[in-house]
Amino acid sequence: MGRFGIAIRFAALAIVWGASFLFIKVGLTGLSPAQVALTRVCLGAVALIAIAAWRRKPLPRDPAVWGHLAVVSVLLCVIPFLLFSWAEQYISSGLASIFNATTPLITMLIAAAALPSERFTKARTTGLVLGFLGVLTIVGVWQGIDVSHELTAQLACLGATTCYGISFVYMRRFISWRNLDAPTIALGQVCCGSVVMLLLAPFIATAPVHLDTPIVLSMIALGALGTGLAYAWNASIIAAWGASNASAVTYLTPVVGVLLGVLVLDEPLAWNQPVGALLVVLGILAAHGRLKPRKKAEEAVAVKTPA
């Protein structure tokens, strides 16, 4: 695929992952949070199985690999999908997308604690400080801490991105060195996640279902595109541009998420939310050494940010 085709996929990935929070919000009008998470992961699994059948690449046979993929599925799919779906009952889709952008910084923090090779550097410390200030700005700490559903929902979003961070570090330690390609890893983790959610469904996804066309289309887009095809797009972008450049999609997804929330759902936007998001993005840039273009950028943890 040529450079133009990869650029198109990059733009499509930013739009789809940024729009995922809009799709969740629409889905919640007729489904419970658990039902949104269940539908999303199962449709994603169907899409990835179709891609795997087209590629005709053999699946891993080592039981240890599937055990690790099952752990990753819980950290990367089950828990975050449930937390984001629950949180969006109380906060805007745009705000949820902003919190999702903290994933690279949280991953960096966890990696520094868990991996000897990922020690803190000046650039990473600066990035984490800026990101932390960004989170405090988004929350609006100067207004006082009021333990409410909104605050709890924001903490749930941070809990989801923390799970993402743990899963990326876990994958690097137990999966990355096994020479599995990205689509195979995505297939394994999403399929394992769908099995876990199907087992949990009789206990957590029993609310009445009310479907209409927007809900059905949103769930198809969220599952088949955002949780399925997007993983394949991301893999091709990483192969063409490298993981560090591919991770730049993190800068665009909150912009897409906020714009769609305001334009489509007429969500309110407080001044501190985009300002906090800007600080988070600056933190990511600083941590990757990209605020000093004349100096060699320090190597940082490059991560995907699924929504």
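Report whether or not Tyr231 is hydroxyl-bearing (Ser, Thr, Tyr), open to solvent by 20 Å² or more (accessible area, probe 1.4 Å) and within 27 Å of Gly283 (Cβ to Cβ).
The answer is no for Tyr231.
Can you name the condition, by its number, that Leu217 falls short on among (1) in contact (Cβ under 8 Å) with a residue 60 or more places away in the chain; (2) open to solvent by 10 Å² or more (accessible area, probe 1.4 Å); (3) not polar (S, T, N, Q)?
(1)
I need the full set of residues from the stretch 190-205 which are touching a residue at least 60 places away in the same chain (Cβ under 8 Å) and surrounded by fewer than 15 Cβ atoms within 10 Å (Cβ to Cβ), in order please.
The one that is touching a residue at least 60 places away in the same chain (Cβ under 8 Å) and surrounded by fewer than 15 Cβ atoms within 10 Å (Cβ to Cβ): Leu198.
List every residue pair whose Cβ atoms sit under 7 Å apart, with the two residues 6 or more apart in sequence or on different chains, where the first one lies in the stretch 66-88 and is acidic (Asp, Glu) and the second, anywhere, is surrounded by fewer than 23 Cβ atoms within 10 Å (Cβ to Cβ).
Final answer for the pair search is Glu88/Leu28.
Among the residues of the stretch 45-55, is any surrounded by 14 or more Cβ atoms within 10 Å (Cβ to Cβ) and farther than 19 Å from Ala235 by Cβ? Let's see the steps before the verdict.
Our first condition is that a residue be surrounded by 14 or more Cβ atoms within 10 Å (Cβ to Cβ); within the stretch 45-55, this holds for 45-49, 51-52.
Cutting the leftovers down to farther than 19 Å from Ala235 by Cβ gives us none.
Within the stretch 45-55, not a single residue is surrounded by 14 or more Cβ atoms within 10 Å (Cβ to Cβ) and farther than 19 Å from Ala235 by Cβ.
When both residues are 6+ apart or on different chains and their Cβ atoms are under 8 Å apart, which pairs have a first residue that lies in the stretch 163-175 and is in contact (Cβ under 8 Å) with a residue 40 or more places away in the chain and within 16 Å of Pro80 (Cα to Cα), and a second that is among the basic types (Lys, Arg) and crowded, with 22+ Cβ neighbours inside 10 Å?
Short answer, once both residue conditions are applied: Phe168/Lys304.
Return the only residue of Gly18, Gly30, Gly5 being among the small types (Gly, Ala, Ser) and buried (at least 24 other Cβ atoms within 10 Å of the Cβ).
Gly18
If you go through the stretch 1-20 one residue at a time, do you hit one that is within 22 Å of Ala239 (Cα to Cα), aliphatic (A, V, I, L, M) and part of a loop (DSSP other than H, G, I, E, B)?
Scanning the stretch 1-20, I find at least one residue that is within 22 Å of Ala239 (Cα to Cα), aliphatic (A, V, I, L, M) and part of a loop (DSSP other than H, G, I, E, B), so the answer is yes.
Any idea which residue in the stretch 267-307 is surrounded by the fewest Cβ atoms within 10 Å (Cβ to Cβ), counting only those that are modelled with pLDDT under 55, of a type outside the set (Val, Ile, Thr) and under 30 Å from Gln189 (Cβ atoms)? Give the steps one after another, and end with the answer.
Keep residues of the stretch 267-307 that are modelled with pLDDT under 55, which gives 294-304.
From the residues that got through so far, the ones that are of a type outside the set (Val, Ile, Thr) too are 294-300, 302, 304.
With the extra rule that they be under 30 Å from Gln189 (Cβ atoms), the set shrinks to 297-300, 302, 304.
Working: Ala297: 14, Glu298: 14, Glu299: 12, Ala300: 23, Ala302: 18, Lys304: 27.
This residue is Glu299.
The values are calculated or read from the model by the stated rules, or taken from the named source; none is laboratory data. The structure displayed is predicted, hence computed values, not measured ones. Every residue, glycine among them, receives a Cβ derived from its backbone with ideal geometry; neighbour counts consider all protein chains shown. To get the accessible areas, we keep the full protein, side chains included, count just its heavy atoms, and leave off ligands, DNA and RNA. Shrake-Rupley method; radii C 1.70, N 1.55, O 1.52, S 1.80 Å.
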